[in-house]
1. Suppose we filter Leu414, Leu424, Leu418 for residues that are more than 16 Å from Ile564 (Cβ to Cβ) and either over 19 Å from the mean Cα position of the chain (by Cα) or modelled with pLDDT of 95 or more (or both); which single one remains?
2. Read through the list (1) in a helix (DSSP H, G or I); (2) surrounded by fewer than 21 Cβ atoms within 10 Å (Cβ to Cβ), then give the number of the only condition that Phe135 fails.
3. Taking into account only those residues within the stretch 517-528 that are buried (at least 18 other Cβ atoms within 10 Å of the Cβ) and assigned to a helix (DSSP H, G or I), which is nearest to the chain's Cα centre (by Cα)?
4. Could you list all residues from the stretch 534-543 that are assigned to a loop (DSSP other than H, G, I, E, B) and either touching a helix residue (DSSP H, G or I) at 6+ places or on another chain (Cβ under 7 Å) or polar (S, T, N, Q) (or both)?
5. Do any helices (runs of 4 or more DSSP H) entirely within the stretch 219-334 hold 3 or more residues that are outside the structural domain of Tyr70 (by TED's automatic domain parsing), within 30 Å of Ala77 (Cβ to Cβ) and in contact (Cβ under 8 Å) with a residue 60 or more places away in the chain, and if so, which?
6. State whether one or more residues within the stretch 254-272 are among the aliphatic types (A, V, I, L, M), under 21 Å from the mean Cα position of the chain (by Cα) and surrounded by 15 or more Cβ atoms within 10 Å (Cβ to Cβ).
Amino acid sequence: MPDIERTASRGSVGQVPRPEKGIVMRPLLDQTEDEDSTSSGDDFNSAQAGVQQAEAIASTWSRTGLYMAYVGIALLATATSLEAQTTGNLTIFATSAFSSHSLVATVGVVQGVVLSVAKPPMSKIADVFGRFEAFSLSVFIYSIGYIQQAASNSVQTYAAAQLFYAAGSTGLQILIQIFIADTSDLLNRAFVSALPDVPFLATVWIGPELAETILKTISWRWGYGIWAVVLPTAFLPLGLSLFANQRKAARRGLLPKSQFEGLNTLEIAKTLWYELDIFGLLLICAAFSLILIPLTLASSAGWENSSLISMLTIGCLCLIAFPFWERSKRLAPRAFFPRALFKNRTVVAGLGIAFFYFMAFYLSVFPYFQSYLLVVQGETVSSAGRIVQTFTFTATITSILVSLSIKRLKRYKLFVVLGSLLYLLGLGLMLHYRTEGSSIFTIIASQMVVGIGGGMLHGPAQLGIQASASHQEVAAATAIFLTILEIGGAVGNAISGAIWTHNVPVKLALYLPPETQERASEIYGNITLAANGWPMGSPTRLAINRAYQETMSKILSVAVCVAIPCVILSFFMKDYRLDEIDQHVKGIVVGGVQEAAEHRDDDNAPGTSRRMSYDADDEQESRRSEDALLPRKNS
């Protein structure tokens with residue numbers, strides 16, 4: 001592990017105050033003390049059981065054990081990334097099998113809604129019950145989703161399967177980031193957080209080829225079904241590692257006592273109500289669902305539908321009520337979104353960036369870019385998939401390089417600002433060059449610029465939000481960032497679907513020659529017919545290409561407008577000096593060693609952690625590190 005020398009007396013620039021020598025800076029640097037904050041002395045001041053359990057498990061890691069856990073993370077990330085790159089190329093064929101290609105965006109919005117609403121509950125489950133338990137639940141739900149997709153017999157059952165698939169997917173996504181936050185310091189976190197994306201460097205090219213092979217040799221159904229076996233197998237190393245260290249922590253007396261011990265059924269229900277912040281989670285889940293679903297249904301049902309208006313109104317009311325509920329110390333003593341973070345400008349700006357960043361992404365790269373390449377550019381399934389994934393490939397490489405630069409510079413804001421500017425530039429280039437007469441080279445080049453901007457923007461923005469939180473708050477801060485990210489994606493998906501639905505059918509009916517005009521609806525609903533039904537240059541194909549091209553230009557125009565707020569918001573994030581913030585994580589972590597968790601014979605809250613220098617190559621320091629992991633009796 002790298003040698004990180006933390007000196008609390010090192011000066012800082014910008015608005016971050018200079019600490020006195022020997023004093024470790026606390027997080028939440030850019031806010032005033034909130035007397036209602038859970039971190040400011042109320043009855044629920046101690047970390048929740050799952051956080052205490054994570055600290056206890058971290059205190060039992062050896063360096064080898066931690067490496068093995070990250071090998072498990074790598075296997076899990078590889079399996080999920082390969083699955084995403086494979087099944088992402090199957091969606092249009094699965095919906096076309098039910099003559100419903102136009103519902104690609106609707107399926108995407110169903111996924112987006114679940115991806116949005118499932119993160120907060122899963123992060124709360126991890127905080128209350130533990131990381132191993134939450135991981136296991138996510139893998140189980142994920143597998144159920146695969147099985148349901150493979151067995152679906154209508155577009156309705158296929159869309160319903162997205163509920164389980166997306167819930168399991170988003171659960172693993174947030175839990176991997178929470179695990180990384182538990183086991184890394186801030187200087188190294190940007191780099192470690194980028195590691196789960198490394199498999200995309202290979203899978204973006206393998207996935208489309210695998211999808212094409214599956215379509216030719218078996219069927220799209222097996223393209224989903226095989227992952228119900230692959231994913232649980234890939235989870236075994238990480239699951240066994242977490243379980244073994246949890247047992248070790250229990251033997252050493254480090255685990256907290258169960259919060260349900262000695263309670264009757266009513267008391268258990270009351271404890272869960274407060275610990276999970278059930279009503280707060282219901283509010284935010286209802287708000288996101290009731291706002292996002294009407295956005296996609298309105299494209300086909302129309303805004304004159306009173307049910308959609310009612311859903312949207314109730315959703316907005318729930319969204320307005322959520323911060324009031326979360327800020328009440330009496331109603332939500334264990335608020336999902338810590339009250340102090342509401343006043344943190346870095347957090348608010350970072351959440352805004354996440355929303356508009358992913359909204360623009362789903363107005364440019366997904367969901368209809370692949371369809372555009374298949375039809376207008378005449379690409380094959382595999383080549384279209386590779387072009388679409390140019391963004392992911394470029395963003396992954398960029399995020400790794402940026403994370404190494406953050407480790408050296410110890411600051412993150414510069415990359416957020418530059419990333420937002422490049423992202424906007426790339427979208428402008430996409431609008432200019434994504435035309436029927438453009439070469440594939442110019443289309444790919446514009447994708448690369450957007451990918452570089454995204455790689456510079458996403459990770460550092462998440463890091464800035466995490467730097468504003470304590471260890472108890474970091475799971476919630478990460479979850480809300482990724483939740484807002486997915487909400488932005490769902491909104492972008494809904495807008496894409498609305499533009500596509502309102503334009504392509506009308507333009508097909510307008511442009512198709514008389515001999516195929518009666519087939520406009522069939523062409524609109526089946527991507528295979530649109531891409532392969534008529535040769536390039538024929539009157540019908542020219543009409544189809546024109547309809548697709550004009551619609552795509554409208555979608556990209558909206559994407560450019562949506563990306564502008566990212567640039568503005570990037571200047572509002574504070575430029576933390578990352579080596580001066582201690583989030584009080586415990587045990588061996590990537591980048592250092594923290595004080596071990598305390599022996600828990602009672603309900604003691606976790607003690608204050610102490611940051612130490614650590615050199616992986618120094619045997620004497622290594623022995624000290626192992627000694628630091630031994631449990632200490634309470635005095």
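1. Exactly one residue qualifies, and that residue is Leu414.
2. (2)
3. Step by step, filter the stretch 517-528, then rank; the result is Ile527.
4. Matches in the stretch 534-543: Trp534, Pro535, Ser538.
5. Correct list: 278-301.
6. Let us first name the residues in the stretch 254-272 that are among the aliphatic types (A, V, I, L, M), namely 254-255, 263, 266, 268-269, 272.
If we keep only those that are under 21 Å from the mean Cα position of the chain (by Cα) too, we end up with none.
Among the residues of the stretch 254-272, not one is among the aliphatic types (A, V, I, L, M), under 21 Å from the mean Cα position of the chain (by Cα) and surrounded by 15 or more Cβ atoms within 10 Å (Cβ to Cβ), which makes the answer no.
Each row is one residue, and each column tells you yes or no for (1) out of contact with any Lys or Arg (no Cβ under 7 Å at 6 or more places or on another chain); (2) in a helix (DSSP H, G or I); (3) over 30 Å from Ala134 (Cα atoms).
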site	(1), (2), (3)
Met430	yes, yes, yes
Ile443	no, yes, yes
Gln447	yes, yes, yes
Ala461	yes, yes, no
Ile465	yes, yes, no
Glu473	yes, yes, no
Ile480	yes, yes, no
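Yes or no, residue by residue, for (1) within 30 Å of the chain's Cα centre (by Cα); (2) touching a residue at least 60 places away in the same chain (Cβ under 8 Å):
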residue: Gly489; (1), (2): yes, yes
residue: Ala498; (1), (2): yes, yes
residue: Ile544; (1), (2): no, yes
residue: Cys561; (1), (2): yes, no
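The values are calculated or read from the model by the stated rules, or taken from the named source; none is laboratory data. These figures come from a predicted structure and were not determined experimentally. When we count neighbours, we look across all protein chains shown, and the Cβ atoms used for this are built from the backbone with ideal geometry, even at glycine.
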